[in-house]
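Data first, discussion second: the structure below is written as structure tokens.
The values are calculated or read from the model by the stated rules, or taken from the named source; none is laboratory data. From a predicted model like this one, the values you see are computed outputs, not experimental measurements. Cβ placement follows ideal geometry from the backbone for every residue including glycine, while neighbour counts extend to all protein chains displayed. Surface areas here come from the heavy atoms of the whole protein model, side chains and all, with no ligands, DNA or RNA. Shrake-Rupley method; radii C 1.70, N 1.55, O 1.52, S 1.80 Å.
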Amino acid sequence: MALEESKREDCIEVVSIVTPNHMHAGPAIEFLQKDIHVICDKPMTATMDDAHKLMSAIKSSKAHFFLTHNYSGYPVIREMRSLVKNGELGKLRIVKGAYLQGWLGSKEEDSGSNKQAEWRTDPKRSGAAGAVGDIGSHTMHLLEFVTGLKCESVAADLTTFVHGRQLDDDASIMIRMNNNVKGNLSISQIATGQENNFTISIYGEKGALHWSQENPNYAKFSKIGSADQIITRGGAIQNKNAYAPTRIPPGHPEGYLEGFAQIYSDVADIILNHENKNQLLELLPGGDSGIQIMKFINASVNSSKNNSIWTDLNSI
């Protein structure tokens, strides 16, 4: 199919892969080999072996590959990234991330009516991790996106609380990032009563930033010697247009779907070679981000299996 399409005058320019994890690599590689752009759900693949094969195809292709880490499309998140990059927090010290859900508190995968639960808890389709791969991947990516740092090693405790489940549904992970930044993650899909409670905090010598996904149009900026400030979507955004875009007037909520829309809009600008292309390429998660998060997932699994010993991502 990809070969036939690539030969048409009106051929497909870009495809979107929204299948379960184990079906990411094959189609993505096929289209990339025909120089057709790919937008793919995260995480990159189900296995590290597939991730390396896909990365090889990305490097050999003339086309682009992007991952839909949609939270990085939020305007306030992009403004937080700008503040960190501009040194407003000073030297970073600590990062904290939590992603708490309760929808898998019982064995939903056996209900026969919840297809999402079925494949997300199946190692053959999801990969080596459950909650860590599903929502821990978002948490780690967003911390790296905002700070510009990379996770280097983890000490993880993954637990499966629901009897008979094959993959983790809860995790506590200590992380070490470059530049001697430390942190921890709390990840759960069995946190009773929680819906999509995703929060991050970044602490530096001069200030801190705090953001909550359930109220995503605002972030708190604390700076030593100053009153706390509220960063708002559509407010005094430092980097306008492509960097921290808004679509609707301030005070009208944007959220989850608009985050995806921003990723897709940015991809379109890149494919159409708009003047902001290079800036957008720095923002959008691609193959390098995909490999990094796959290493984080598998290092966390390995660390937990070895009684939470520190595991370097480069050993994966």
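Conditions tested, residue by residue: (1) assigned to a helix (DSSP H, G or I); (2) among the hydrophobic types (A, V, I, L, M, F, W, C); (3) closer than 25 Å to residue 174 by Cα; (4) over 18 Å from the mean Cα position of the chain (by Cα).
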{"position": "52", "(1), (2), (3), (4)": "yes, no, no, yes"}
{"position": "56", "(1), (2), (3), (4)": "yes, no, no, yes"}
{"position": "94", "(1), (2), (3), (4)": "no, yes, yes, yes"}
{"position": "98", "(1), (2), (3), (4)": "no, yes, yes, no"}
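Could you say which residue among 223, 277, 295 is over 22 Å from residue 140 (Cα atoms) and within 22 Å of the chain's Cα centre (by Cα)?
Values: 223 fails: within 22 Å of the chain's Cα centre (by Cα); 295 fails: over 22 Å from residue 140 (Cα atoms).
The unique qualifying residue is 277.
Residues that are over 17 Å from the mean Cα position of the chain (by Cα) and without any contact (Cβ under 8 Å) to a residue 12 or more places away in the chain within segment 249-264 comprise just one, 252.
Within segment 78-110, if we keep just the residues that are of a type in the set (A, V, I, L, M, F, W, C) and over 18 Å from residue 219 (Cα atoms), the residue that is surrounded by the fewest Cβ atoms within 10 Å (Cβ to Cβ) turns out to be 103.
Regarding residue 231, is this residue in a helix (DSSP H, G or I) and either surrounded by 15 or more Cβ atoms within 10 Å (Cβ to Cβ) or in contact with a Ser or Thr (Cβ under 6 Å, 6 or more places away or on another chain) (or both)? Talk me through it step by step, then tell me what you get.
Values: in a helix (DSSP H, G or I): no; either surrounded by 15 or more Cβ atoms within 10 Å (Cβ to Cβ) or in contact with a Ser or Thr (Cβ under 6 Å, 6 or more places away or on another chain) (or both): yes.
Taking the combined requirement at face value, the residue does not satisfy it.
A count restricted to segment 292-311 and to residues that are surrounded by fewer than 21 Cβ atoms within 10 Å (Cβ to Cβ) and under 29 Å from residue 73 (Cβ atoms) stands at 1. Residue pairs whose Cβ atoms lie under 9 Å apart, separated by 6 or more positions or on different chains, with the first residue in segment 211-234 and within 18 Å of residue 248 (Cα to Cα) and the second basic (Lys, Arg) and in a loop (DSSP other than H, G, I, E, B), are 216/233; 217/233; 218/233.
Screening residue 254 with (1) touching a helix residue (DSSP H, G or I) at 6+ places or on another chain (Cβ under 9 Å); (2) part of a helix (DSSP H, G or I); (3) farther than 30 Å from residue 315 by Cα gives one miss only, at (2).
The residue pairs whose first member lies in segment 266-285 and is over 15 Å from residue 70 (Cα atoms), whose second member is of a type in the set (D, E, K, R) and open to solvent by 10 Å² or more (accessible area, probe 1.4 Å), and whose beta carbons are closer than 6 Å, counting only pairs six or more residues apart or on different chains, are 270/277.
Applying the criterion of being open to solvent by 10 Å² or more (accessible area, probe 1.4 Å), under 17 Å from the mean Cα position of the chain (by Cα) and without any contact (Cβ under 8 Å) to a residue 40 or more places away in the chain to the residues of segment 18-35, the residue that is nearest to residue 272 (Cα to Cα) is 18. Just one residue in the set 38, 14 is surrounded by fewer than 18 Cβ atoms within 10 Å (Cβ to Cβ), farther than 19 Å from residue 295 by Cα, hydrophobic (A, V, I, L, M, F, W, C) and at pLDDT 95 or above; that residue is 14. Residues in segment 153-196 that are crowded, with 18+ Cβ neighbours inside 10 Å, within 19 Å of residue 312 (Cα to Cα) and in contact with a Leu (Cβ under 6 Å, 6 or more places away or on another chain): 171, 173, 177, 181. Exactly one residue out of 147, 121 is open to solvent by less than 30 Å² (accessible area, probe 1.4 Å), farther than 23 Å from residue 310 by Cβ and either out of contact with any His (no Cβ under 8 Å at 6 or more places or on another chain) or free of Cβ contacts under 8 Å to residues at least 60 places away in the same chain (or both), and it is 121.
Residues in segment 57-72 include at least one that is surrounded by fewer than 18 Cβ atoms within 10 Å (Cβ to Cβ), more than 22 Å from residue 228 (Cα to Cα) and not hydroxyl-bearing (Ser, Thr, Tyr).
Sort through 202, 224 and tell me the only one that's of a type outside the set (D, E, K, R) and surrounded by 17 or more Cβ atoms within 10 Å (Cβ to Cβ). Even if it seems obvious, please write down each step before you answer.
Numbers: 224 fails: surrounded by 17 or more Cβ atoms within 10 Å (Cβ to Cβ).
Residue meeting the stated conditions: 202.
Determine, yes or no, whether residue 277 is surrounded by 12 or more Cβ atoms within 10 Å (Cβ to Cβ) and touching a strand residue (DSSP E or B) at 6+ places or on another chain (Cβ under 7 Å). It is false that residue 277 is surrounded by 12 or more Cβ atoms within 10 Å (Cβ to Cβ) and touching a strand residue (DSSP E or B) at 6+ places or on another chain (Cβ under 7 Å). Take residue 314 and tell me if it is open to solvent by 10 Å² or more (accessible area, probe 1.4 Å), in a helix (DSSP H, G or I) and either at pLDDT 95 or above or small (Gly, Ala, Ser) (or both). Criteria met by residue 314.
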